[in-house]
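J.: The structure that follows is given in the form of structure tokens.
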Amino acid sequence: MDTQELIKEQVSGHPVVLYMKGTPQAPQCGFSANAIAMLNACGAKEVFTVNVLENAEIRQGIKTYANWPTIPQLYVKGEFVGGSDIMGEMYQSGELQKLLGG
């Protein structure tokens, strides 16, 4: 399976997917830590996370997949939502909570 197919399978196979640097328990950058904190604050359940630091092909491939240059990247119900900045704006306005059903 090529990288783009793998990413598509991950994104479509889980309700909430976060591509991040590190893990939810040990984020490796501040933006990933903020993204996890927002998801937790929204009560997001069953978040599937992918540590891009463990796979260089996914780390580059996810940028191509969404045509978005930065990580973290959030997907909900197969749709690209955005990175940390967009998540922050959505969280402040209450949109992220509604999107995640929290």
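The values are calculated or read from the model by the stated rules, or taken from the named source; none is laboratory data. Treat the numbers as computed from the prediction; the structure is a model and nothing was measured. Backbone-built Cβ (ideal geometry, glycine too); neighbour counts: all protein chains shown.
J.: Checking N51 against (1) under 14 Å from P24 (Cβ atoms); (2) free of Cβ contacts under 8 Å to residues at least 24 places away in the same chain: exactly one of these is not met. Which one?
T.: The single condition N51 does not satisfy is (2).
J.: Any residue at all in segment 70-84 that is β-branched (V, I, T) and out of contact with any Phe, Trp or Tyr (no Cβ under 7 Å at 6 or more places or on another chain)?
T.: Looking through segment 70-84, at least one residue is β-branched (V, I, T) and out of contact with any Phe, Trp or Tyr (no Cβ under 7 Å at 6 or more places or on another chain).
J.: Moving to a separate point now. Which ones in segment 34-57 are on the phi > 0 side of the Ramachandran plot and at pLDDT 95 or above?
T.: none
J.: List the pairs whose first member sits in segment 87-102 and is under 18 Å from V47 (Cα atoms), whose second member is among the polar types (S, T, N, Q) and assigned to a helix (DSSP H, G or I), and whose Cβ atoms are under 8 Å apart, counting only residues at least 6 apart or on separate chains?
T.: That search, which allows pairs on different chains as well, returns M87/N34; G88/N34; Y91/Q97.
J.: Oh, and also: Filter segment 1-47 down to residues that are polar (S, T, N, Q) and touching a strand residue (DSSP E or B) at 6+ places or on another chain (Cβ under 8 Å) and give me whichever is nearest to I62 (Cα to Cα).
T.: Out of the qualifying residues, it is Q10.
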